[in-house]
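The values are calculated or read from the model by the stated rules, or taken from the named source; none is laboratory data. Keep in mind that this is a model prediction, so the values were computed, not measured. Cβ coordinates were reconstructed from backbone atoms using ideal geometry, including for glycine residues, and neighbour counts include every protein chain displayed. Ligands, DNA and RNA are stripped out before the accessible areas are found, and what is left, the full protein with its side chains, is counted by its heavy atoms. Shrake-Rupley method; radii C 1.70, N 1.55, O 1.52, S 1.80 Å.
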Amino acid sequence: MIKGTAGMKAYRDDVRARAAAQGRNPDQVKVLYLVNPLLAETQAEAEARRDARRARAEASVPQLLAFFGKITNIDFGKYDLDAPVDTLDLRTNGHQQSLDDFKRVAGSRSLRDAMLSYRGTSGSIELVGTPDAVAGQMAEAMQEVGGDGFLFSMGDVSRRTVAEVADGLVPALQRRGLVRREYAHAQFRDNLLEF
């Protein structure tokens, strides 16, 4: 799985091509990307939060592997965390599809990096900074990719994170004309297709 704007564009192009191949108008298929923005009052504070998030994720790799091992019936504890996944003899009598997906995503990355990417993802692109800076990052990504927007996928939904998005990021996006200020239609589908 390719991350960043290159991966986002490749995914969107694939979805649009598949829609056209099925006789659908690609412009009526909305492609939204998962993101988990990390917002703060200053860029330095946002970067410090990102670094703390990464440290927590890296510390949880053994637990993630243990859980994944329960699903796949593989004892990952016997493998070197820095060994490339494609050099490991990973076979299962457990959940084959999960293992196949993991190996596909992992490629030649280390077991540690692959597990962080597979389970510790921050979304399609990393968004870190002040609300205005993140709004700019989101705008740049959409200009490059040509997608239809983002879906927030946040593991720590608290009053603080909701307020950071609702009171900080959304107004910054509205000032740029990237988020509507009101809904024109009664139905969700109509509002989604309008924007």
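Structure notes:
- Close amide-amide hydrogen proximity is noted between residue 149 and 33, each under 5 Å apart and 5 or more residues distant or on a separate chain (H modeled in the peptide plane; Pro and chain starts excluded).
- With a cut-off of 14 Å on the backbone N, the residues of region 148-176 near the modelled label site 7 Å out from residue 49 along Cα-Cβ are 153-170.
- Here the spin labels are modelled as points 7 Å beyond Cα on the Cα-Cβ line, and at residue 14 and residue 105 they lie 1.3 nm apart.
- Per residue solvent-accessible surface (Å²) - region 64-195, probe of 1.4 Å: 59
- Relative contact order %, the chain, counting alpha carbon pairs below 8 Å whose residues are six or more apart: 31
- The chain, helix-only ellipticity at 222 nm - DSSP H runs n ≥ 4, -39,500 (n - 2.57), divided by all residues, nearest 500: -15500 deg cm²/dmol
- With contacts taken as Cα pairs under 8 Å at a separation of at least 6 residues, region 90-195 carries a relative contact order of 18 percent.
- Sorting 16-23, 169-176 by their mean Cβ neighbour count within 10 Å, with the most densely packed peptide first, gives 169-176, 16-23.
- Phi angles across region 105-112 convert, under the Karplus curve 6.51 cos²θ - 1.76 cosθ + 1.60 with θ = phi - 60°, into 3J(HN,Hα) values of 5, 5, x, 9, 5, 5, 4, 4 Hz, Gly and Pro given as x.
- Pairs from 70/103; 9/78; 3/30 whose Cα-Cα separation, in the structure shown, is over 28 Å: 9/78
- Region 83-195: equivalent-ellipsoid semi-axes (sqrt of 5 x gyration tensor eigenvalues, Cα, Å): 36, 17, 14
- Taking trypsin sites (Lys or Arg not before Pro) across region 88-139, the ones in a DSSP loop with at most 13 further Cβ atoms lying within 10 angstrom of their Cβ are 91.
- Residue 78-residue 57 pseudo-label distance in nm [points 7 Å out on the Cα-to-Cβ vector]: 2.9
- Multiplying the residue separation of residue 158 and residue 182 by 0.36 nm and subtracting their alpha-carbon distance yields 6.2 nm.
- FRET efficiency for the pair residue 144 and residue 66, taken as 1/(1 + (r/R0)^6) with r the Cβ-Cβ distance and R0 = 45 Å, rounds to 0.70.
- With a Förster radius of 22 Å applied to the beta-carbon distance between residue 97 and residue 21, the computed FRET efficiency rounds to 0.35.
- Taking the Cα centre of the chain as origin and assigning +1 to Lys and Arg Cβ atoms and -1 to Asp and Glu Cβ atoms, the resulting dipole is close to 400 debye.
- Within the accessible area of region 1-110 (1.4 Å probe), percent carbon and sulfur: 50
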